[in-house]
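Enquirer: Provided herewith is a single structure, encoded as structure tokens, for subsequent inquiry.
The values are calculated or read from the model by the stated rules, or taken from the named source; none is laboratory data. Source: prediction; values computed, not measured. Glycine gets a Cβ as well: all are built from the backbone with ideal geometry, and neighbour counts include every protein chain shown.
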Amino acid sequence: MPNVILCDEKGNPIGETSVEDAHSGSGKRHLAFVIVIEKAGKVLVQRRAKNKRFPGYWEFPASHIFVGETWENALKRTLKKELGIDGVEKFERLFHFIYSAKGERETDVENEYCVVFKCVYNGEIKMNTEEADQIKFVRLEDLEMELKGEKISAWLKIPVEIMLKGTKNAS
């Protein structure tokens, strides 16, 4: 697997390391992203497969940008791998956030400068069960209620809070 890009608090690249190393100890800050897929006023969320870090956590489709990759290539690679999605031509960069998270297991560690991208997709989805074991489309406003009692990843919770705050400020 290619290396991830280590970065400073402003997202500037400062080196590279393996995916495993970036997620060990307290984690090493690296570039990552989530993709908000919109369809008919709802967004796609997925529950991580049992074999992944943070198993069973709900998330937006997410990954890392690897050394030598463009953001667009990384986004398309992730959509293809996780959901069998091909053909998204336009991604909108929304905002970024920095977070650290630890899960129940020692290997469940994140320390990321995470960029949020949005796209619209109305085609067929073929979920890869190595990546996720369930997907659903929900309204942002209903997400907390829809996932009540479930494990929710920081990389879902934080961007949803930011987006909901933005919608309230816009009204």
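Enquirer: Mind listing whichever residues of the stretch 1-47 are over 28 Å from K126 (Cβ atoms) and in contact with a Cys (Cβ under 8 Å, 6 or more places away or on another chain)?
Expert: P13, I14, R29, H30
Enquirer: Filter the stretch 119-130 down to residues that are among the aliphatic types (A, V, I, L, M) and assigned to a loop (DSSP other than H, G, I, E, B), then give me how many there are.
Expert: Restricting attention to the stretch 119-130, the residues satisfying the condition of being among the aliphatic types (A, V, I, L, M) are 120, 125, 127.
Cutting the leftovers down to assigned to a loop (DSSP other than H, G, I, E, B) gives us 125, 127.
Count: 2.
Enquirer: Can you name the residue in the stretch 64-86 that is β-branched (V, I, T) and touching a residue at least 60 places away in the same chain (Cβ under 8 Å) and is also farthest from E110 (Cα to Cα) among such residues? If you could, list the steps in order and put the result at the bottom.
Expert: Taking the stretch 64-86 as the starting set, the residues that turn out to be β-branched (V, I, T) are 65, 67, 70, 78, 85.
From what is left, the residues that are touching a residue at least 60 places away in the same chain (Cβ under 8 Å) are 65, 67.
Details: I65: 15, V67: 18 Å.
Restricting to residues being β-branched (V, I, T) and touching a residue at least 60 places away in the same chain (Cβ under 8 Å), the top hit is V67.
Enquirer: If I go through the stretch 101-124 residue by residue, how many of them are surrounded by 14 or more Cβ atoms within 10 Å (Cβ to Cβ), at pLDDT below 95 and among the hydroxyl-bearing types (S, T, Y)?
Expert: 1
A quick yes/no check of all residues on (1) modelled with pLDDT of 95 or more; (2) of a type in the set (K, R); (3) part of a strand (DSSP E or B):
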residue: I5; (1), (2), (3): yes, no, yes
residue: E16; (1), (2), (3): yes, no, yes
residue: G27; (1), (2), (3): no, no, no
residue: N51; (1), (2), (3): no, no, no
residue: A74; (1), (2), (3): yes, no, no
residue: E89; (1), (2), (3): no, no, no
residue: F95; (1), (2), (3): yes, no, yes
residue: Y99; (1), (2), (3): yes, no, yes
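Enquirer: Determine whether the stretch 125-134 contains at least one residue that is in contact with a Leu (Cβ under 8 Å, 6 or more places away or on another chain), surrounded by 13 or more Cβ atoms within 10 Å (Cβ to Cβ) and free of Cβ contacts under 8 Å to residues at least 40 places away in the same chain.
Expert: No, the conditions are met nowhere in the stretch 125-134.
Enquirer: Residues in the stretch 101-118 that are part of a strand (DSSP E or B), out of contact with any Cys (no Cβ under 8 Å at 6 or more places or on another chain), touching a residue at least 60 places away in the same chain (Cβ under 8 Å) and not charged (D, E, K, R): how many?
Expert: 6
Enquirer: I'm told I135 meets every condition in (1) of a type in the set (V, I, T); (2) touching a helix residue (DSSP H, G or I) at 6+ places or on another chain (Cβ under 6 Å); (3) over 25 Å from D21 (Cβ atoms) except one. Can you identify the failing condition by its number?
Expert: Condition (2) is where I135 drops out.
Enquirer: Quickly run through the stretch 146-165 and pick out the residues that are crowded, with 19+ Cβ neighbours inside 10 Å and of a type outside the set (A, V, I, L, M).
Expert: Listed by number, the residues that qualify are S153, W155, P159.
Enquirer: Could you tell me which numbered condition I14 fails, if it satisfies all but one of (1) farther than 18 Å from K81 by Cα; (2) surrounded by 19 or more Cβ atoms within 10 Å (Cβ to Cβ); (3) aliphatic (A, V, I, L, M)?
Expert: Going through (1) farther than 18 Å from K81 by Cα; (2) surrounded by 19 or more Cβ atoms within 10 Å (Cβ to Cβ); (3) aliphatic (A, V, I, L, M) one by one, I14 breaks only (2).
Enquirer: Suppose we keep only residues that are closer than 18 Å to E16 by Cα and among the β-branched types (V, I, T) within the stretch 101-115. Which one would you say is farthest from the chain's Cα centre (by Cα)?
Expert: Taking the stretch 101-115 as the starting set, the residues that turn out to be closer than 18 Å to E16 by Cα are 109-115.
Now restrict to residues that are among the β-branched types (V, I, T): 109, 115.
Working: V109: 14, V115: 9 Å.
For the stretch 101-115, the residue satisfying everything is V109.
Enquirer: Further question on the same structure: Filter the stretch 131-143 down to residues that are farther than 13 Å from Y57 by Cα and either part of a strand (DSSP E or B) or within 16 Å of the chain's Cα centre (by Cα) (or both), then give me how many there are.
Expert: Taking the stretch 131-143 first, the residues farther than 13 Å from Y57 by Cα are 136-143.
Then keep just the ones that are either part of a strand (DSSP E or B) or within 16 Å of the chain's Cα centre (by Cα) (or both); that gives 136-138, 140, 143.
So the answer is 5.
Enquirer: Given the conditions (1) surrounded by 14 or more Cβ atoms within 10 Å (Cβ to Cβ); (2) touching an Asp or Glu at 6+ places or on another chain (Cβ under 9 Å); (3) under 17 Å from V115 (Cα atoms); (4) of a type outside the set (D, E, K, R), report the number of the one that W71 does not fulfil.
Expert: With (1) surrounded by 14 or more Cβ atoms within 10 Å (Cβ to Cβ); (2) touching an Asp or Glu at 6+ places or on another chain (Cβ under 9 Å); (3) under 17 Å from V115 (Cα atoms); (4) of a type outside the set (D, E, K, R) applied to W71, the lone miss is (2).
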